[in-house]
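Novice: Okay, here's the structure, questions in a sec.
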Amino acid sequence: MLALESGGGSSLLTWMTFLPLVGAIVITLLPGKARELHRTVALVTAAGPLVLAVKLFTSFDRGTADIQLWQQVAWIPSFNIQYFVGVDGISVTMILLTAFLSFLCIVASWNIDKHTKGYFALFLLLETGMMGVFIALDFFLFYVFWEIMLLPMYFLIGVWGGPRREYAAIKFFLYTLAGSVLMLLAMIALYLNVQDPATGGHTFNMLHMMNQANHGSWLLNPDIRHVLFLGLFIGFAIKVPIFPFHTWLPDAHVEAPTAVSVILAGVLLKMGTYGILRICYPMLPDAAAWFSYPLAILGAINIIYGACCAMAQTDMKKLVAYSSVSHMGYVLLGLAVFNEAGMTGAVLQMFNHGTITAMMFLMVGVIYDRAHHREINGFGGLGMVMPRYTSMFSLALFAALGLPGLSGFVGEALVFVGAFEVYRTVTIISGLGIIIGAAYVLWMLQRVFLGPLNEKYTELPEITTRELVSVVPIAVLVILFGVYPPPLINMIKQSLLHLIAQIPA
Amino acid sequence: MHEGSPAEFLRWIVLLPLIGFAINGLLNKRLPRAVSATVGVGSVAGAFVLSVMAFLKLRALPADERVLVDHLFSWIPVGELNIDAGLMVDPLSACMILLVTGVGSLIHLYSVGYMAKDEGFARFFAYLNLFVFAMLVLVLADSLPLLFVGWEGVGLCSYLLIGFWFQDLANSAAGKKAFVVNRVGDFGFLLGMFFIAEKLAGQVGDGNVLGFATMAAHPELLAPVATVAGLLLFLGATGKSAQIPLYVWLPDAMAGPTPVSALIHAATMVTAGVYMIARMNFLYVQTEVAMGVIAVVGLLTALVAATIALVQTDIKKVLAYSTVSQLGYMMLACGVGAFAVGIFHVLTHAFFKALLFLGAGSVIHAMHHEQDMRSMGGLRSVMPWTFRTMFVATLAIAGVFPFAGFFSKDEILYKAFLESPLLWVVGFAVAALTAFYMARLMVMTFFGENRADANTKSHLHESPLIMTAPLMVLAVLSVVGGWMGWPEFLGGSNWLHHWLEPVFAGVGAHGAEVVGHVAGATQGVATHAVDASHAADALHTGGHSVVTEWVLALASLSVALGSLWFGFTVYTRRQSVATQGQAFLGGAPHRLLSGKYFVDELYEYAIIRPIGWLSDNVLWRFVDAVIIDGLLVNGVARFLAMIGHVVRILQNGLVRWYAYSFAVGVFAMLIYLTRKGG
């Protein structure tokens, strides 16, 4: 169980989380035609959390696993529901990612002209939901934020998406809803069977739930614990997404507007693995150990299956979407082995996949805005007319295939090192993913950018400054955390060591 | 291994080319060509000066203290691994950095002339500098993971430079092939590293567990995984150093500009596998099995590639297969435990093969990018300097005394003989083939009548001084370069051998022990000791093997001369043979060789296509689309539609209504459960 940092008490997290909501409200009060104003308000209110997140990242005490900057206020006393927030190293990492990508996505959304009022308001609401998930320490609060994310996402895909947006949005909604229901049931079961040590009543307090001493007798039955774990896990697995719950992802991505894809792949998928780390593992550590091997196998399936499917794609966004399935497999494999290398690799991969895939989706968006299609075979030779764009996209692709020196490698390699000690065969099979990964990445690179220039695109304009502004900061992080990852590693170290210590061998 | 004296200037050896890359890469076409060239050449030349400094500093130290280190930062501080980023110069890496920056400078200089009219002038130098940076990281790395960073970095640059003229799809396809094939090797490399990491983690303290010094200090911990890790790392080496079964990318890599072929695909990057194995000698001496595999694979590669080289008509392809073949020699040397000799051949080969490629580039330059030797001929008079220097290189690669190749190749064959006469026989045959295909290349290119079209013919010219000057320097090196390993039986001191001794001290200790036990009773066992341990060496030279050395050397020399003479005679006398570039073998054998044993086709149909088909038709179109989406997801949706029209309601856009009712439901359920539970 995690302890609260003594001294405690801070409203920084609350500010960070609800600033976007304030922005969203302001935007809804503005006239519908004031597009520039909508954008500006969105940009400013997304800048706030980013500044605070950077402050949080730099000032966070890396020497302890304790919950920092916490805030605890009674919310619905009759059910002992609290507004209880706080962060450890893992959440800080995710918060930085969320604030960073949300801000850049506002920049990348500058050319959205359809219903800007609704778009930016929903986008900011989405940011509040995401931030809330990463700071919540009360399960009910966590669930509320989790559901808050769902609606803006549904509308952003369903209204601003591509031709099959309705189908994609409903598929996304139903899948996620199914996951939510499972999570809800498990949450209620935990609520009813975990005692608040102070009052003896029920509690949603996640720290209490993590303390096995508070678990009631019904909850001590291993079968029940396994079922609960499975329920929570499937709920989160759908978000990750883990095979076979992944088919909503390619559809959602293909139809979603660029910035929404970025958030979807960059942050939302991490909610799944974050949930596993924050809820499944610490609350039911024995069940986690019991499921370890199946989790590793699922990780391997994701890696290989996702990579193979990516190779078969002809739509750039679908390819990137399946590459996400593959890359999230690395996270799962690392999480399955409960050692420092594997877990560190998994969390690094969560962050790094967030930045790298964001870059890739932004880059696909750039070409889509110009050519109005994403057919890999419909391009060719773009390196001739858009050299800067080509370099930037190549950087993202090489990071995605795990080139050392770029951030993707560090996470993958650590996952392998950690997993290798525990499940050798599974790891060796997963390792084949690095070959298939290179194949689909380079094949796409070749078909889109190399070879003779497609005559249709001789006049294609080079990447603009605004587009560069949205992507260069990510590129900087991709290089920085590839060459020098210790700031990230040290950030999550104590939290992970603490978590690993909870899991029975 | 000595823990090393600190030397902070080492980082600048690596950083200078990186800065060159940044300048040319970021400013690109905004820079005047002269500036691009100055930055490109200057940064590598600067690194060369620093490398010489490192070498001199190293030489001033006592032999067993010859290690300079520059610790940079803690790279991946996780658990018991604690991977550091640090640089190290010992006698082995000193050789390599001198080679990379020295030959690299010459090739950069040459490129100023070769690429003078190219659109992507600055981009070319940016990539080339990036390559030198990565290669220097590879050879200066003080740990296996950092070596891997360089390993992948040079792979990236190789990809970028093979596909430098990317408008031509064949070039970019060749780049992709090189990268993906190398990834197969990387898979092995990584696994090998994991096996080692697993054995060392938690056993050797907290610091830089995969550092070479740490590993070398604990050979006994590596013993249980020596064979498996050794073989897996070797799989990595077969990728980078183009050995069977992963050599197929190198001939295609000739699609890159010729200076690239000279620098990356002949002199430096492709020798990385040999370097890595030599670096990991403390692992390999513990595994007879892996060593045997390396020796046999190396030898087979040498033979197979040499036979294919016999019938190629593209001048660069001949040289490419020749490179594969020579790399096989180097592997053979490592496989028989003669790491220092392998490195010796890395060095001499770098001189003469870089020269051959640059010479070929000079010819191609003059021939308006014609690479087919059937259209060449008679260039001797037009391009005297290109011819003379290439002729020197031919003598060197053929192994004529006292040219560079003689010394290294002869020593490899000698070591192979000591291991097994059979190895020697095959190696000897390869030497004969080598001299023959080189004679063929020289005759088809420089002798007889010129067979080019009239237009090309009228423009034939010798290359400018900026290109021929590097040729001349390399020609000198192709002569004297071998003298650093002038053997003791010929009255030399084999300087290189002694210089490298401290690096292979582990081999020495191991070997000396063996020698101590068997007291020279078994020739075969002592062989492993002979390379690194001076004591063991003295044992040999003092013994009866001096006669063997003489006999073998004379045999090598005669086969080189004989085969050269034979090749020259055949191809100068029979012009028709030369023009067709084939027919010497004729029929089925020729088809087999010119078809490169159809290995590419085998890989294509046995591996690549099945995987593609499986991914597309089974995994994606069937499992994803039919089973999961069709049967499960849509099935569930239909089921829901049946029972509650949920789907219809959602499609009407009433998600909001649904969400509200959902929230209400949640609360209702909560209240109910609380009452019941409480």
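Novice: Tabulate in residue order the Karplus-calculated ³J(HN,Hα) for region B:476-487, using 6.51 cos²θ - 1.76 cosθ + 1.60 with θ = phi - 60°, rounded to whole Hz; enter x for Gly and Pro.
Specialist: 4, 5, 5, 8, 7, x, x, 5, 5, x, 4, x
Novice: What FRET efficiency do you get for B:L592 and B:S558 if R0 is 25 Å and r is their Cβ-Cβ distance, rounded to the nearest 0.05? Before the final figure, lay out the partial values.
Specialist: On the way: r = 29 Å, r/R0 = 1.17.
Plugging the Cβ-Cβ distance into 1/(1 + (r/R0)^6) gives 0.30.
Novice: Turning to a different aspect of this structure: Packing-wise, with mean Cβ within 10 Å as the measure, how do A:185-192, B:346-353, B:380-387 rank, highest first? Mind dumping the intermediate values first?
Specialist: Working: A:185-192: 21.1, B:346-353: 28.4, B:380-387: 18.4.
Peptide ranking by packing, descending: B:346-353, A:185-192, B:380-387.
Novice: Note down the relative contact order for chain B as a percent, whole number, built from C-alpha pairs under 8 angstrom at least six residues apart.
Specialist: Numbers: 1159 pairs, mean separation 77.3, N = 678.
For chain B, the relative contact order is 11 percent.
Novice: Oh, and also: Give the residue from B:M373, B:V69, B:A85 lying farthest towards the positive end of the charge dipole for chain B; charges sit on Cβ (+1 for Lys and Arg, -1 for Asp and Glu) and the dipole is referred to the Cα centre.
Specialist: Of B:M373, B:V69, B:A85, it is B:M373.
Novice: Now for a separate question. Sorted from largest down, give the three principal axis spans of the alpha carbons of the protein assembly as shown, whole angstrom values.
Specialist: Answer, in whole Å and largest first: 102, 71, 52 Å.
Novice: Moving to a separate point now. Find how much the distance from B:F9 to B:W550 grows on full extension, using 0.36 nm per residue of separation minus their present alpha carbon separation; answer in nm with one decimal.
Specialist: Working: separation 541, 0.36 × 541 = 194.76 nm, distance 4.46 nm.
Value of the extension gain: 190.3 nm.
Novice: Along the charge dipole of chain A, Cβ charges K/R +1 and D/E -1, which of A:N377, A:M360, A:I436 sits furthest on the positive end?
Specialist: It is A:N377.
Novice: By average Cβ neighbour count within 10 Å, what is the ranking of B:396-409, B:255-268, A:467-480, A:431-444 from highest down? Present the calculation step by step, with values, prior to reporting the outcome.
Specialist: On the way: B:396-409: 26.1, B:255-268: 28.4, A:467-480: 18.9, A:431-444: 23.2.
Sorting B:396-409, B:255-268, A:467-480, A:431-444 by mean packing, highest first, produces B:255-268, B:396-409, A:431-444, A:467-480.
Novice: To continue, here is another question. For region A:293-505, what size does the Cα cloud have along each of its three principal axes, sorted from largest down, in whole Å?
Specialist: So the extents along the principal axes, rounded to whole Å, are 61, 32, 22.
Novice: Residues in region B:298-316, backbone N under 12 Å from the label point at B:V599 (7 Å along the Cα-to-beta-carbon vector): list them, ranges by number please.
Specialist: Zone members listed by number: B:298-309.
Novice: Something else about it: Per residue of region B:107-117, in order, report the coupling 6.51 cos²θ - 1.76 cosθ + 1.60 (Karplus, θ = phi - 60°) as ³J(HN,Hα) in whole Hz, putting x for Gly and Pro.
Specialist: 6, 4, 4, 4, 5, 4, x, 5, 9, 3, 9
Novice: Right, something else. Using only the alpha carbons of chain A, determine the length spanned along each of the three principal axes and report them from longest to shortest in whole angstroms.
Specialist: 73, 59, 41
Novice: Give me the log10 of I(q) over I(0) for chain B at q = 0.08, 0.10 Å⁻¹, as the Debye formula computes it from C-alpha points; what are the numbers?
Specialist: Result of the Debye calculation: -0.62, -0.90.
Novice: Also, quick follow-up: How large is the translational diffusion coefficient of region B:248-324 in µm² per second when you combine the Kirkwood radius over alpha carbon pairs with Stokes-Einstein at 4 °C and 1.567 mPa s?
Specialist: Details: Rh = 13.7 Å.
Taking Rh from Cα pairs, D becomes 95 µm²/s.
Novice: Taking amide H positions as placed in the peptide plane 1.01 Å from N, state which residues far from A:I67 in sequence (5 or more) or on other chains have amide H under 5 Å from it.
Specialist: Excluding prolines and chain starts, which carry no amide H, the hits are A:A3, A:L4, A:E5.
Novice: Looking at the square roots a ≥ b ≥ c of the eigenvalues of the Cα gyration tensor of region B:1-115, which shape do they give, rounded for a/c under 1.5, prolate if a/b is larger than b/c, or oblate?
Specialist: The shape class here is oblate.
Novice: What is the dipole size for the protein assembly as shown, taken about its Cα centre, with +1 at each Lys and Arg Cβ and -1 at each Asp and Glu Cβ, in debye to the nearest 20?
Specialist: 2900
Novice: Classify region B:373-487: rounded, prolate or oblate, from the alpha-carbon gyration tensor (a ≥ b ≥ c, eigenvalue square roots; a/c under 1.5 rounded; otherwise prolate if a/b is larger than b/c)?
Specialist: Numbers: a/c = 4.50, a/b = 1.82, b/c = 2.47.
Taking the square roots of the gyration eigenvalues as a ≥ b ≥ c, region B:373-487 is oblate.
Novice: Using the Kirkwood radius over C-alpha pairs as Rh, can you work out the diffusion coefficient of region A:424-505 via Stokes-Einstein at 4 °C, viscosity 1.567 mPa s, in µm² per second? Write down the numbers at each step before the final one.
Specialist: Numbers: Rh = 17.7 Å.
Value of D from the Cα-based Kirkwood radius: 73 µm²/s.
Novice: So, one more: Per residue of A:399-410, what is the mean number of Cβ atoms on other protein chains within 10 angstrom of that residue's Cβ? Don't skip to the answer; put the middle values down first.
Specialist: Details: counts 0, 0, 5, 4, 6, 13, 7, 2, 0, 0, 5, 4.
Going residue by residue through A:399-410 and averaging, the value is 4.
Novice: Would you tell me the mean number of C-beta atoms belonging to other protein chains that fall within 10 Å of each C-beta in B:152-163, as a whole number?
Specialist: Details: counts 8, 3, 0, 3, 7, 0, 0, 5, 2, 0, 0, 6.
That average works out to 3.
Novice: Tell me, what HN-Hα J-couplings in whole Hz come from the Karplus equation 6.51 cos²θ - 1.76 cosθ + 1.60 at θ = phi - 60° for each residue of region B:587-595, using x for Gly and Pro?
Specialist: x, 4, x, 5, 4, 5, 6, 5, x
Novice: Residue by residue through A:239-247, how many Cβ atoms from other chains fall within 10 Å of the Cβ on average?
Specialist: Values: counts 0, 0, 0, 0, 3, 7, 3, 2, 10.
Whole-number average of other-chain Cβ neighbours for A:239-247 is 3.
Novice: Give the lysines whose C-alpha is closer than 17 Å to that of A:K117, dropping any in the same chain fewer than 8 places away, or say none.
Specialist: Once the sequence-local lysines are set aside, what remains near A:K117 is A:K33.
Novice: Considering region B:133-196, what Rg and Dmax in Å follow from its alpha-carbon atoms?
Specialist: When restricted to Cα atoms, region B:133-196 yields Rg and Dmax of 13.3, 43 Å.
Novice: Ranked highest first by the average count of other Cβ atoms within 10 Å around their residues, in what order do A:145-158, A:70-83 fall?
Specialist: Numbers: A:145-158: 22.3, A:70-83: 15.2.
Descending packing order for the listed peptides: A:145-158, A:70-83.
Novice: Moving to a separate point now. Counting other Cβ atoms within 10 Å, keep those with at most 10, restrict to DSSP loop, and tell me which GluC sites (Glu not before Pro) in region B:392-474 are left. All intermediate terms of the calculation are to be shown ahead of the outcome.
Specialist: Numbers: sites: B:E411, B:E419, B:E449, B:E462; in loops: B:E449, B:E462.
Of the GluC sites (Glu not before Pro), the ones in loops of region B:392-474 whose Cβ has at most 10 other Cβ atoms within 10 Å are B:E449.
Novice: Taking the dipole about the Cα centre of the protein assembly as shown, with the C-beta of Lys and Arg at +1 and of Asp and Glu at -1, give me whichever of A:I148, B:P470, A:I188 is farthest to the positive side.
Specialist: Comparing the listed Cα positions along the dipole, A:I148 ranks first.
Novice: Do the alpha carbons of any pairs in A:K318/B:K176; A:K317/B:K177; B:K240/B:K409; A:K456/B:K177; B:K176/B:K317; B:K29/B:K457 sit beyond 30 Å of each other, and which pairs? Working shown, then result.
Specialist: Numbers: A:K318/B:K176 21 Å; A:K317/B:K177 24 Å; B:K240/B:K409 21 Å; A:K456/B:K177 28 Å; B:K176/B:K317 18 Å; B:K29/B:K457 33 Å.
Listed pairs above 30 Å: B:K29/B:K457.
Novice: Report the FRET efficiency, 1/(1 + (r/R0)^6), for A:D61 and A:A178, where r is their Cβ-Cβ distance and R0 is 45 Å, rounded to 0.05. Please report the intermediate quantities before stating the final value.
Specialist: Values: r = 39 Å, r/R0 = 0.87.
The value I calculate is 0.70.
Just so you know, all these numbers are worked out from the coordinates, no wet-lab data involved. It should be emphasised that the depicted structure is a prediction, and the values quoted were computed from it without experimental measurement. Glycine also receives a Cβ, built like all others from the backbone with ideal geometry; neighbour counts cover every protein chain displayed.
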